[in-house]
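The values are calculated or read from the model by the stated rules, or taken from the named source; none is laboratory data. For clarity, every value in this text was computed on a predicted model and none was experimentally measured. Here the Cβ positions follow ideal geometry from the backbone for every residue, glycine too, while neighbour counts run over all protein chains shown. Side chains included, ligands, DNA and RNA excluded: accessible areas come from the protein's heavy atoms. Shrake-Rupley method; radii C 1.70, N 1.55, O 1.52, S 1.80 Å.
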Amino acid sequence: MNGTLVKGGVTMRARRLRASLKGWGGVAAMAVVCALVAVFALCVPLSGPKGVDGQAVAQSARVKADKAEEDCEAPEKQTLSPSSADGDTIQAIKNRQGDKRKLIVGVDQNSYRWGYRNPNSGKTAELEGFDIDLVHRIAEDILGDPRAVQFKAIPTDQRIPAIQDGRVDMVVRTMTINCERIDDVAFSAPYFKTGQHVLAPKASSIKGYDDTLAGKRICTAAGSTAYSTLEADKKDGKLPATTDISTTVPNQLDCLVRLQLGEADAVVTDGALAASQAAQDPTVELKGDAFTAEYYGVAMKQDADDLVRRVNQILVDYRKDTANGWQASYDKWLSATLGKNSEKSEPPTPQYLRTT
């Protein structure tokens, strides 16, 4: 696993940076955290085959995206209308016996304030963040217990395979709804609005998503919307021809590591994640403005209609719950990095183009 300790994820490579990174309180804390991660590696499987060529995955995805976009319009609306009824998918989840009676959810454990293991939360170093709050709400509604969740750490490029292979019931992992992906998985209505952004060192000459990226090395996560956008824009001449976009990694946080090690000049990722990473490392900052408008959704199997409808109903109720719902979670996890005014991050009023 490639990565480092940046207040959200810990890996072996962290040792190379411990002298320069400000984290959880020194070498002693680092040792404790590394031990915890070793334990959790046994309990929370990291899904994904070894030796995956990130560029090949992304390029193949781009071909599919080109075809999907021909017939795709407003992907964030391509979902089913809400319902609280149980169907076959939900009943199968409820029928799980004993300790297995849990919602199985693919998440990230390295995205600070979204889905990350907080080593200061006690011996268990539980997963915390905006996405994790939503998962607990879904589990509470379906199984009556917010803790009835089995978390599985899923790399960025394995989110869709994990759903299709049945390894998880759903993925709640800052996953953008787009035309390519709705051919492979079913999405809920949007639960968050964001856009692609450039993250670079404060001292960098990079000003944003513009000509200042000429000759620069950009890191993205394999299979991400960011890589697909960069590849398309470079092909169309919207990105300088000399921009190097060949650096891809399994998990988005690894791009921050590359940046810290001087192996990349900039990172392109969702603005919400970029802001969290800037909060972890005070030497980097967001450059320019977001250059896309995108929406996060909960991803599920294509034929899990009852689960999609149920999640959409949960999202409706979650948005209405001012005390313990969407706004409360935003205030707790994201307001420090995205601002107290959540209007820019609020998803639009749901529209459901699929009723059957």
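Order the peptides 96-109, 149-162 from the highest to the lowest mean number of other Cβ atoms within 10 Å of their residues.
Values: 96-109: 18.3, 149-162: 23.5.
With the highest mean Cβ count within 10 Å placed first, the list reads 149-162, 96-109.
Can you compute the label reach from ASP321? Point 7 Å from Cα along the Cβ direction, backbone N cut-off under 16 Å, restricted to the stretch 185-208.
From the stretch 185-208, the list is 191.
When the scattering of the stretch 143-212 is computed by the Debye formula from its Cα atoms alone, each counted once and equally, what is log10 I(q)/I(0) at q = 0.24 Å⁻¹?
-1.14
What is the gain in length, in nm to one decimal, between GLN164 and GLU346 on full extension, counting 0.36 nm per residue of separation less the C-alpha to C-alpha distance?
Between GLN164 and GLU346, full extension yields an extra 62.6 nm.
Among LYS152/LYS216; LYS102/LYS332; LYS77/LYS207; LYS100/LYS320; LYS193/LYS238, which pairs are too far apart, with a Cα-Cα distance over 29 Å?
LYS152/LYS216; LYS77/LYS207; LYS100/LYS320
Based on Cβ point charges of +1 for Lys and Arg and -1 for Asp and Glu, what charge dipole magnitude is obtained for the stretch 196-287 about its Cα centre, in debye rounded to the nearest 20?
Dipole magnitude for the stretch 196-287 comes out near 100 debye.
For the stretch 196-287, what is the Kirkwood estimate of the hydrodynamic radius, computed as the reciprocal of the mean inverse distance between distinct Cα atoms, to one decimal in Å?
One over the average 1/r among Cα pairs gives 12.7 Å for the stretch 196-287.
Between ASP244 and SER84, what length in nm is gained on full extension when 0.36 nm per residue of separation is reduced by their alpha carbon distance?
52.8 nm
Quote to one decimal, in nm, the extra length available between SER121 and ASP289 on full extension: 0.36 nm per residue of separation minus the C-alpha distance between them.
57.1 nm
Given a 1.4 angstrom probe, I'd like the percentage of the accessible area of the stretch 196-287 that is carbon and sulfur, rounded to a whole number.
Working: 1510 of 3040 Å².
For the stretch 196-287, the apolar C and S fraction of the accessible surface comes to 50 percent.
Where in the stretch 117-139 does the amide nitrogen come within less than 18 Å of the point 7 Å from the Cα of ALA328, taken along Cα to Cβ?
128-139
Whole number in Å², please: accessible area per residue of the stretch 196-287, 1.4 Å probe, ligands, DNA and RNA not counted.
With the other protein chains kept in place, the stretch 196-287 gives 33 Å² per residue.
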